[in-house]
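The values are calculated or read from the model by the stated rules, or taken from the named source; none is laboratory data. Please read all numbers here as calculations on a predicted model, not as lab measurements. FYI the Cβ positions are ideal-geometry reconstructions off the backbone, even for glycines, and counts take in every protein chain you see.
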Number of protein chains: 2
Amino acid sequence: MASAQLPPKYGKCFVCSMVLNMLLIMCLFVGHTKGKPGWSMRAAMEAEAVASESCSGHGRAYLDGLLVDGKPVCECNTCFGGPDCSQFSPDCPADVDSGDPLFLEPFWMQNAASSALLVSGWHRMSYSYADDSTISEELVKHIRKLHSIVGNAVTEGRFIVFGTGSTQLLNAAVHSLALTNSSSRAVVVTTKPFYPVNPVPNLRVFLFFNSVTMIAIIVKNLIQDAKRTQIGYEVSELESISSLTKQYDNMANTQAYKSQTDFFRSLDYNFVGDTSLFKNATDGNANFIEFVTSPNNPDGLLKKAVLEGPHAKAINDHVYLWPHYTAIPAPADEDVMIFSLSKLTGHAGSRFGWALIKDEAVYQAMSAYASQISLGVSHDTQLVALKLIKFVAQGKGEIFDFGFKTMRNRWEILGKTLSVSSRFSIQEIEPQYCSFYQKVREPSPAYGWFKCEREEDEDCYAVLRAAGIITRQGTRFGADSRYVRLSLIKTQDDFDLLIRKLTILVSEED
Amino acid sequence: MASAQLPPKYGKCFVCSMVLNMLLIMCLFVGHTKGKPGWSMRAAMEAEAVASESCSGHGRAYLDGLLVDGKPVCECNTCFGGPDCSQFSPDCPADVDSGDPLFLEPFWMQNAASSALLVSGWHRMSYSYADDSTISEELVKHIRKLHSIVGNAVTEGRFIVFGTGSTQLLNAAVHSLALTNSSSRAVVVTTKPFYPVNPVPNLRVFLFFNSVTMIAIIVKNLIQDAKRTQIGYEVSELESISSLTKQYDNMANTQAYKSQTDFFRSLDYNFVGDTSLFKNATDGNANFIEFVTSPNNPDGLLKKAVLEGPHAKAINDHVYLWPHYTAIPAPADEDVMIFSLSKLTGHAGSRFGWALIKDEAVYQAMSAYASQISLGVSHDTQLVALKLIKFVAQGKGEIFDFGFKTMRNRWEILGKTLSVSSRFSIQEIEPQYCSFYQKVREPSPAYGWFKCEREEDEDCYAVLRAAGIITRQGTRFGADSRYVRLSLIKTQDDFDLLIRKLTILVSEED
């Protein structure tokens, strides 16, 4: 039958079919030679294969994770397990201790194509960029653009320094201010509750502890200085600091902190304590460097420097000054301002931060410090930061909408859960006008600053721990043990479990 | 005609054509949905577009470089310019100052597919890895594999610490040894010529200078200690160090070094000077930490620690201990060994190094230090390092063949150029048995340790500078000003220009 003569109309069909054949062959050929990746193909396929592991929505596989039988292994969220992270352990405690900003992970999964980055094997192998610096000029440009879009900081007339996370920059800033301020020793202070000690260590920890063993000496010197020069603060005050530092020393001598204490002991600066002790002391001989974290960690409140005068300099830690977490009242305009990728895009693991610096001498000192300590920031990290910040700065604020919506939602749920409790409370943050959203907006802080109100609940950490909730002690922030910090920026699973455990705890109040 | 009846044989053809069409459509469809990148496509295409800029073989474009009219801009090698780097400036000096390991760039361009890496937008956003550490276990595994393949270091029974380049690790090692060694102050020493000062700053610089202003005090203390406790070395020796340190102090007080001097001033350790001064001092009270760079920078010779005894600890800087640069006589087996990606794969810009540590207490202290200073190494950098080291460790030593061939070739050309000179000389390195190549191999060092032999050429740096060659002064390595260091590990263009200028200089000898 197939060999039978075809009716005349099939003649046209045959020609069409042949033409289609040729077109399809061309399509395939062109597709293979143009407009499709060549040498980058393998890397792209590897990344997509790993990303295709769904891990039940309670985990993810990574390109540098373990392989089992050639398949990437799921790394599960806390309290989830099994090969595909589908097994939930109901008795597992809710861990809201660390400030791991994983709430932004789903945002990047939803924007996979815009945030993917292909690094070639010969990417910027040199120590320096084309202009002999260790800083990507493109990244500087996009950071300025980002601040101008968000309106959270003035970048005009500011120099930019990069650091391996805000950690290194805070350290660099203290050193540089101590050096450029004067030749005499600087005293580092901050206002309670502040963020000094962190199991994932942080510079403020470091400042805090590195000086602990020296505080006694310093305070003794200050007392002598005070006696000699009458520099304005009372000897009795200093003696009270002396007893305060004893307390820190005891902390430092516990096993957990011992190693931290012994780290650096700088001759240039010393962490002494709460600003309130020094309010009237800044017209004296000592130089003061004040840490201002705004919005503050742990309580989320916007802060200003307390100390004034020619001998007082402030380091403004603005890592939380993004629409996710706070209203932006106006662009910050201080002399030393520090930001990080970690709390902006959620990429804590990339260790990237930047500082906006007004004074050229401080900028020079900080740059030199950053170069000195590690020859600058990894070029791969700078490339990642550029990709992410470019995306954030060219969009319509999608990440801020996502961030605010998520954090606002969590804050409302936490508030609702605690609204029926007389035993526990959290901080109040007033709605405030936000220049980014151009309206008054409700609070959405990164942390709950949680208080145990009952007289017998003196150790709030222990109360929550017994209820299966791991928090961070208030004493770590220089506050009372009735306070703990709840991290609200971890995964949705972490937050859901916190609420589940809190609901049970509150329901047992009577 | 087209409507005319087709002969019977076309019937079969028509069927074939239709079947082919269906197959081709399936091919196209399947191709688009499976086996080809989806969300990673855009990143892959961007990277390939940038890489397709050839820049005449005298430069390259980068993904984070400037764009002009939407086209990536070529970044040219020294002395080349123009939009495509094709313009050579013959009067431009040969710059062989820095140790930028760009000789390996062509290797990675040749292995583009094997070294490309696609980073997803949600890659390891957390501060920590699955095991709560800040270190990729996969990377640790492949570093061990690499050392076992190359046979340049024993990794069994060793802990591994990561750092932001070897810089941070050397610093961490000094701190940790100073802490774990004893409660008293440690003295840091090394043997001339050593690698202390670097315009691209390095820890050894840092150690050197940070302590400069304190050396006078320390030496005074040592003199007093010596007088009091008779710890073995002569007061006269210490007084000679005192005058040595004066010289350093003068250096430090010049504008260029001033800022470095003022950086850290640690109470724990102090760089004093050449090991020879302390050879008999290690049974005393002081703790000694000796830097051993092997192969040595600048002269490429294999070195061992000089100081012995219970109070002497060595930090072995093995960043050049790879078959590119040296014969590997046997696996290094010291207590503290430091390596870097920079000199292994040429990725200086990635800032990644690792240390192999025998003693658990030292390892703990170093890990804590690395965490403390910057919460560990960027996860993006660790991913890049994994990709590169995995490739190096799974191949058949291709990178070592490429590296050795290149460096050997350069060394031969340099030797030939200088063979007709009586005015200039370079160091001699004996052929040596290499366990990696399993044969005696000729030298291929990273640097030429270059000497001006004529009495009047006291300032060798100036002699070469006048001939259009920028080197690094011998005085920077604690040596005589008759010596300079020539970097042989930069681009082929840099090396070619060096030889061109040297040839002219040598030809003018008579």
Note on the stretch B:67-86: residues surrounded by 19 or more Cβ atoms within 10 Å (Cβ to Cβ) and more than 30 Å from B:VAL463 (Cβ to Cβ) are B:PRO72, B:CYS74, B:GLU75, B:CYS85
Considering the stretch A:365-392, residues that are closer than 16 Å to A:HIS347 by Cα and of a type in the set (Gly, Ala, Ser), and then whichever is farthest from the other protein chains (Cβ to nearest Cβ), we arrive at A:ALA385
Would a scan of the stretch B:87-94 turn up a residue that is at pLDDT 95 or above, closer than 17 Å to A:MET125 by Cα, more than 9 Å from chain A (Cβ to nearest Cβ) and surrounded by 20 or more Cβ atoms within 10 Å (Cβ to Cβ)?
no
Of those in the stretch B:129-154 that are within 7 Å of chain A (Cβ to nearest Cβ) and not aliphatic (A, V, I, L, M), the residue surrounded by the fewest Cβ atoms within 10 Å (Cβ to Cβ) is B:GLU138
Residue pairs within 7 Å by beta carbon, gap of at least six or interchain, first lying in the stretch B:35-59 and over 24 Å from A:VAL50 (Cβ atoms), second modelled with pLDDT of 95 or more and assigned to a helix (DSSP H, G or I), listed first then second, are B:HIS58/B:ASP493
B:PHE162 fails exactly one of (1) under 24 Å from A:ALA51 (Cβ atoms); (2) not basic (Lys, Arg); (3) not in a helix (DSSP H, G or I), namely (1)
Counting only residues that are farther than 19 Å from B:GLY474 by Cα, more than 21 Å from the chain's Cα centre (by Cα) and not charged (D, E, K, R), the stretch B:401-433 contains a total of 10
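From the list B:ARG476, B:ARG465, B:ARG472, B:ARG482, which residue is closer than 25 Å to B:GLY403 by Cβ and outside the structural domain of B:PHE88 (by TED's automatic domain parsing)?
Details: B:ARG476 fails: closer than 25 Å to B:GLY403 by Cβ; B:ARG465 fails: closer than 25 Å to B:GLY403 by Cβ; B:ARG482 fails: closer than 25 Å to B:GLY403 by Cβ.
Exactly one of B:ARG476, B:ARG465, B:ARG472, B:ARG482 is closer than 25 Å to B:GLY403 by Cβ and outside the structural domain of B:PHE88 (by TED's automatic domain parsing), namely B:ARG472.
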Of the residues in the stretch A:390-414, those that are assigned to a helix (DSSP H, G or I), farther than 11 Å from A:LEU104 by Cβ and of a type in the set (Gly, Ala, Ser) come to A:ALA393
Picked from the stretch B:270-313 (must be at pLDDT below 65 and part of a loop (DSSP other than H, G, I, E, B)), the residue nearest to B:HIS324 (Cα to Cα) is B:LYS279
When the stretch A:60-97 is checked residue by residue, the ones that are at positive phi and either out of contact with any Gly (no Cβ under 8 Å at 6 or more places or on another chain) or assigned by TED's automatic domain parsing to the domain that holds A:TYR320 (or both) are A:ASP69, A:GLY70, A:CYS79, A:GLY82
**Message:** Regarding the stretch A:98-106, can at least one residue be identified that is farther than 19 Å from B:ASP132 by Cα and either surrounded by 16 or more Cβ atoms within 10 Å (Cβ to Cβ) or assigned by TED's automatic domain parsing to the domain that holds A:TRP411 (or both)?
**Reply:** yes
In the stretch B:350-374, anything more than 14 Å from B:ALA172 (Cβ to Cβ), in contact with an Asp or Glu (Cβ under 8 Å, 6 or more places away or on another chain) and in a helix (DSSP H, G or I) is listed as B:SER350
Is it fair to say B:VAL392 is on the phi < 0 side of the Ramachandran plot and in contact with a strand residue (DSSP E or B) (Cβ under 7 Å, 6 or more places away or on another chain)? no
* Asked: Any chance the stretch B:39-62 includes a residue that's surrounded by fewer than 17 Cβ atoms within 10 Å (Cβ to Cβ) and outside any helix (DSSP H, G or I)?
  -> yes
Checked the stretch B:390-411 for anything under 19 Å from B:ILE469 (Cα atoms) and not hydrophobic (A, V, I, L, M, F, W, C); matches are B:ARG410
| query | If we scan the stretch B:102-110, do we find a residue that is facing chain A (nearest Cβ under 7 Å), touching a strand residue (DSSP E or B) at 6+ places or on another chain (Cβ under 9 Å) and closer than 30 Å to B:LEU505 by Cα? | reply | yes
Here the residues within the stretch B:345-361 that are crowded, with 24+ Cβ neighbours inside 10 Å and within 12 Å of chain A (Cβ to nearest Cβ) are B:THR345, B:GLY346, B:HIS347, B:ALA348, B:GLY349, B:SER350, B:ARG351, B:PHE352, B:GLY353
